[in-house]
Structures are given as structure tokens and as C-alpha cells.
Amino acid sequence: MTKVPDDVRLDLGERARYFAELTDVGVPRSALGAPTVATAESTGRARIASAPKPQRPPAAPVLTTEGAELRDLEAVRAWIGDCQRCKLAGGRKTIVFGQGNPQAALMFVGEAPGADEDEQGLAFVGRAGQLLTDIIEKGLKIPRKDVYIANAIKCRPPQNRNPEPDEILSCQPFLEKQIALVRPKVLVGLGKFSAQWLFKSMEPISRLRGRIGDYDGIKVVPTFHPAYLLRNPGAKKDVWEDMKVVRRLLAGDEP
Ligand code: SF4
């Protein structure tokens, strides 16, 4: 198996193989290469802005897998349509596309919709969603409407099981296009799956935390999922530390 160079962004197939490994199917870790990371400590002392301003890199053309140009998020949603690309379509009530500011400087990536999200068609509603709102609005002092929030998988897996490799292969292009169009300055990976996918790493979230990753030139900060915090409130202090890193990055304090 050929080792993927560190400086080469994983393409669709490679990300699918990577995500397959996350779900314990298939791909040798040696094929994936190491993630590009810098420690949070390397950012040094930071100037924290009270009102982070969007500073987005120039956008490149964003294309569907069929080669059609996607000009905005509405075009991505239209491309998804009444998606039947994987078997999760049969059990969902709604496709949970994501919502928020399409030009957000800060984007949160969760894992997959739960029951509340499937019911309402919105990402991060219910108790975990309220906690995420508190993190954004009380912790970061940013209105939730000013960030963008999406999940890696757009339809609820049955009994909230982990997504399977074929589902990931089918769905991940949508998240990739969302990220490419929003072009946030900072991506926050919520929970193990999102953090590992964004970092291209198999390390547990407990070891990814405290690092700053790179996703196609966008800073990545991993942290615990709000649902985990509901079960383990003692971890909130760790999330606060992560949000302080987010604020520094939004303020332009690059590592
Ligand atoms: S999970 Fe993604 S690929 Fe599967 S049916 Fe839903 S939108 Fe389509």
C-alpha cells in the first residue's frame, strides 16, 4: 500500500478509505500518512478579539463529483435533492443539511443527526444542541446564527449507530463541498469521528485535543461532543480551553 504524503490532501476515495478505518473496516493505518498538526502551546500568548471578523481565503471553484459547479450552499442542497445514495435514506425523516451563516469564520462539524435533528431537519437541536448554543454564545460570545453548523452524515443512522463505510463514501462529498464554500477560518470537530476525520488520524479525541490541525488550509480545533459533555460535565473545562484556542485563531493569532 502506497503511503500518502503528508502534504497531499486526501481526495474523496482516500477520505472514504480513511473513514472506513474509523469504523473498523478495512484500510491499514499505514496507508494514511500522519496528520499535519501544530500544538496549541505553539500559538504562544494570544490577543483575544471580542468580535472576530471573517477572514476567508479566496474560494476556488467547487464542483460536484459529476463536474458541475456549485456556486453556493443552496446549490449543494439542491445537488443532494431527495438523496437515495445510501441505505440511510430508508430510515430518515429529513435530510439534516446544516445551517448558519454561509460566510461564517467559524464552522462546527458534528457527526450525524439524532432523533431531534431527524425530526426537525436541523443540526444540533435538543439538549446537546442547547449546550452547543451555550458554548458558542456564552463561551465564545458569538451569536449562534453567525457560525455555520453541519454534520458529517446528513441522515440519522438507525439507533444512532456509527455510520458505515458505504454511507460515508456516499455522504462525505456533501460536507466537503460545504466546507469548501463556507471556507471558514476555523473548523471545530465535535467528537471523535469528526475530529479524527478532519485530522486524518486514528488517535482518540483525548489525544487530539490540544492540537491544531490543518484541513485544506483551514485551522482545525478538536473538542468533545456536546452529548459527551451532558454525560461528563467535568469535561466542560476542557472544552473551554479549546474554545480559548478558537478565539485566538479567530483573532488572527496564528501558530
Ligand atoms: S446519509 Fe448522505 S448519502 Fe446517505 S441518503 Fe442521507 S444524504 Fe444521501
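Remark: region 122-255 carries 36 Å² of accessible area per residue (probe radius 1.4 Å; ligands, DNA and RNA excluded). Using the Cα gyration tensor of region 118-255, with a ≥ b ≥ c the square roots of its eigenvalues, what is the shape: rounded (a/c below 1.5), prolate (a/b larger than b/c) or oblate (neither)? Verdict is rounded for region 118-255. Placing a label point 7 Å from the Cα of LYS141 along the Cα-to-Cβ direction, the residues of region 225-253 whose backbone N falls under 15 Å of that point are 243-252.
The 3J(HN,Hα) values that the Karplus relation (6.51, -1.76, 1.60; θ = phi - 60°) gives for region 100-108 are, in residue order, x, 6, x, 10, 5, 7, 10, 10, 9 Hz. Gly and Pro appear as x.
Heavy-atom surface analysis with a 1.4 Å probe gives region 53-140 a carbon and sulfur content of 50 percent of its accessible area.
Here region 100-192 is treated with +1 on each Lys and Arg Cβ and -1 on each Asp and Glu Cβ, and its dipole about the Cα centre works out to around 420 debye. Sequence-ordered 3J(HN,Hα) estimates for region 122-139 from the Karplus curve with 6.51, -1.76 and 1.60 and θ = phi - 60° stand at 10, 7, 6, 10, x, 5, 5, x, 5, 5, 4, 4, 4, 4, 6, 8, 8, x Hz, glycine and proline given as x.
Working ranking of peptides 234-243, 124-133, 61-70, 195-204 by packing, defined as the average number of other Cβ atoms within 10 Å per residue, highest first, is 195-204, 124-133, 234-243, 61-70. Around the amide H of ASP214, modelled in the peptide plane, lie the amide H atoms of THR36, VAL220, all under 5 Å away and 5 or more residues distant in sequence or on another chain.
Selection among ILE218, GLY234, PRO158 by position relative to the dipole of region 123-238 gives GLY234 as farthest towards the positive end (Cβ unit charges, Cα centre).
The values are calculated or read from the model by the stated rules, or taken from the named source; none is laboratory data. The shown structure was predicted, so the numbers you read here are calculated from the model rather than taken from an experiment. Ideal geometry is used to build each Cβ from the backbone, glycine not excepted, and the neighbour counts take in all protein chains shown. Accessible surface areas use protein heavy atoms only, side chains included; no ligands, DNA or RNA. Shrake-Rupley method; radii C 1.70, N 1.55, O 1.52, S 1.80 Å.
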